[in-house]
Structure formats: structure tokens, C-alpha cells
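Student: Shown below is the structure under consideration.
The values are calculated or read from the model by the stated rules, or taken from the named source; none is laboratory data. What you see is a predicted model; the values in this text were computed from it and never measured. Neighbour counts run over all protein chains shown; Cβ positions are idealised from the backbone, glycine included.
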Amino acid sequence: MAPTPGVPGTSAHRRESYTTESLLAVAVEVFNERGYDGTSMEHLSKAAGISKSSIYHHVRGKEELLERAVGRALDGLFGILDESGARHGRALARLEHVVRRTVEVLVAELPYVTLLLRVRGNTSTERWALERRREFDHRVAELLREAVADGDLRADVDVRLATRLLFGMVNSIVEWYRPAGSGAASGDQIADAVTRLAFAGLRRP
């Protein structure tokens, strides 16, 4: 029987109901599962349940989907730096705010941040994303330097090393955190644990 236009569950209905945002969510899931390089438009078409031509109705191709996805993650991270807590007060308080909120954004935007952390620089979009990530890390490192200069953080740990260790802990969350399940920790609980563990070791004795 031919699909009936507008009837839920038919291909015609799926074409009509898909939006760029819902297509993006499917693409991110496939990119994370198969890797960006290992994903074809055919894979995306099958995962979305729509034709490739329907995908092209929304975006130019898979690289635009990648750009939109990592852009969403980067917007969330850089938005933290514009928050009041990241701009006012002593450097240590601003740094703690940034670290806590980074964990919260990571948990809230888990698939998108996961994809951002897995790009390898094989395309112009990936290279742009890597450069933006480095810029974010650099700005956090500057906060660390300020906090050391203020005498609030220990000076016997190299700032670059401390930054890498700090974000190594934060970024590792994407590898093990799964929000489903009654026993899953909340974003607030994870943010509390990360800030306590990190700053207990970084604070000046």
C-alpha cells in the first residue's frame, strides 16, 4: 500500500514533520556512533527515515550538520564566559564558576559536546572547531594564572599542566556519563564533585 500523505508513521508524514533541529539530533547520534568520517549521507538518510533529497531540503550536506552541531556546543561553552559569575569577582571565584558551568553545559548538551571533543581536524569545520576549543582553554588558563597571581591557587603546579588536568577530568565525563537510569547522578551532583576534587588540590595550602 502506498504511504498516505500526512498520516503518522508514513514516509510522507516523516518528510513533513522533520525540522532542521530534529534532523540535527539524529545526525549527532550517528556521528558519535560511526564517527564523522565514517558517516555517509546514506547512513543519515536511513537513521532519519527520510530520503537524501529531503535532507538536502534542510541543509547543504553532512558538513553543515557538523558545523551546526559543534557550533551549538561551542556557543554553550563560550556563553559561560559572558555570564556575570565569569566576569566579576576574584579570579578564583570566576574560575570555579566557569568549571562548574562547563560541567553543567556538558551534561545538558552531552551529544553535542561529545561530538565536539571527538573532532580530529580533517575538514575545515573540524579545524575551526579545534581552534575555538583551544581559545576556550586559553581563556580558562588565563583565569588560572590570575588566581595564582592573586595568591589563591598554589604556584608549584604548572598552569598549562593544571589546565590540561582540569579539563581532562571535565571532558572525561562524556565517556562514562549516561543520563538514563534512576541511579544516574544529576548535572549538579557531578559539577559539585568536580569542583570539590579539583579545587581541593589547586587551592593554596
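Student: Residue 90 versus (1) surrounded by fewer than 16 Cβ atoms within 10 Å (Cβ to Cβ); (2) not assigned by TED's automatic domain parsing to the domain that holds residue 175: which is the lone unmet condition?
Tutor: If we test residue 90 against (1) surrounded by fewer than 16 Cβ atoms within 10 Å (Cβ to Cβ); (2) not assigned by TED's automatic domain parsing to the domain that holds residue 175, just (2) comes out false.
Student: Sticking with this structure for a sec: Kindly provide the set of residues from region 49-78 that are touching a residue at least 24 places away in the same chain (Cβ under 8 Å), of a type in the set (Gly, Ala, Ser), farther than 20 Å from residue 127 by Cα and not in a loop (DSSP other than H, G, I, E, B), ordered by number.
Tutor: Scanning region 49-78 gives a single hit, 54.
Student: I'd like to check something: does region 22-33 contain any residue that is loosely packed, with under 12 Cβ neighbours inside 10 Å, part of a helix (DSSP H, G or I), under 23 Å from the mean Cα position of the chain (by Cα) and modelled with pLDDT of 95 or more?
Tutor: Yes, the conditions are met somewhere in region 22-33.
Student: Could you please tell me which pairs satisfy a Cβ distance under 6 Å, a separation of 6+ or placement on different chains, a first residue in region 184-205 that is within 19 Å of residue 153 (Cα to Cα) and at pLDDT 85 or above, and a second residue that is β-branched (Val, Ile, Thr) and assigned to a helix (DSSP H, G or I)?
Tutor: Here the result reads 194/103; 195/99, each pair linking region 184-205 to a residue that is β-branched (Val, Ile, Thr) and assigned to a helix (DSSP H, G or I).
Student: Here is a list of conditions, (1) in contact (Cβ under 8 Å) with a residue 24 or more places away in the chain; (2) surrounded by fewer than 15 Cβ atoms within 10 Å (Cβ to Cβ); (3) out of contact with any Asp or Glu (no Cβ under 9 Å at 6 or more places or on another chain), and residue 122 meets all of them except one; can you say which number that is?
Tutor: So residue 122 meets the others, but not (3).
Student: Being buried (at least 17 other Cβ atoms within 10 Å of the Cβ) and in a helix (DSSP H, G or I): is that true of residue 130 here? Spell out the reasoning first.
Tutor: Details: buried (at least 17 other Cβ atoms within 10 Å of the Cβ): no; in a helix (DSSP H, G or I): yes.
No; evaluated as a whole, the condition is false for this residue.
Student: Still on this structure, please answer the following. Restricted to region 148-196, and to residues that are over 16 Å from the mean Cα position of the chain (by Cα) and basic (Lys, Arg), which residue is nearest to residue 32 (Cα to Cα)?
Tutor: Restricting to residues being over 16 Å from the mean Cα position of the chain (by Cα) and basic (Lys, Arg), the top hit is 164.
Student: Condition check: in a loop (DSSP other than H, G, I, E, B) and surrounded by fewer than 18 Cβ atoms within 10 Å (Cβ to Cβ). Does residue 193 satisfy that? Give the steps one after another, and end with the answer.
Tutor: Values: in a loop (DSSP other than H, G, I, E, B): no; surrounded by fewer than 18 Cβ atoms within 10 Å (Cβ to Cβ): yes.
Answer is no for this residue.
Student: OK, next. For region 139-183, how many residues meet the condition of being loosely packed, with under 15 Cβ neighbours inside 10 Å, more than 25 Å from residue 118 (Cα to Cα) and modelled with pLDDT of 90 or more?
Tutor: Count: 3.
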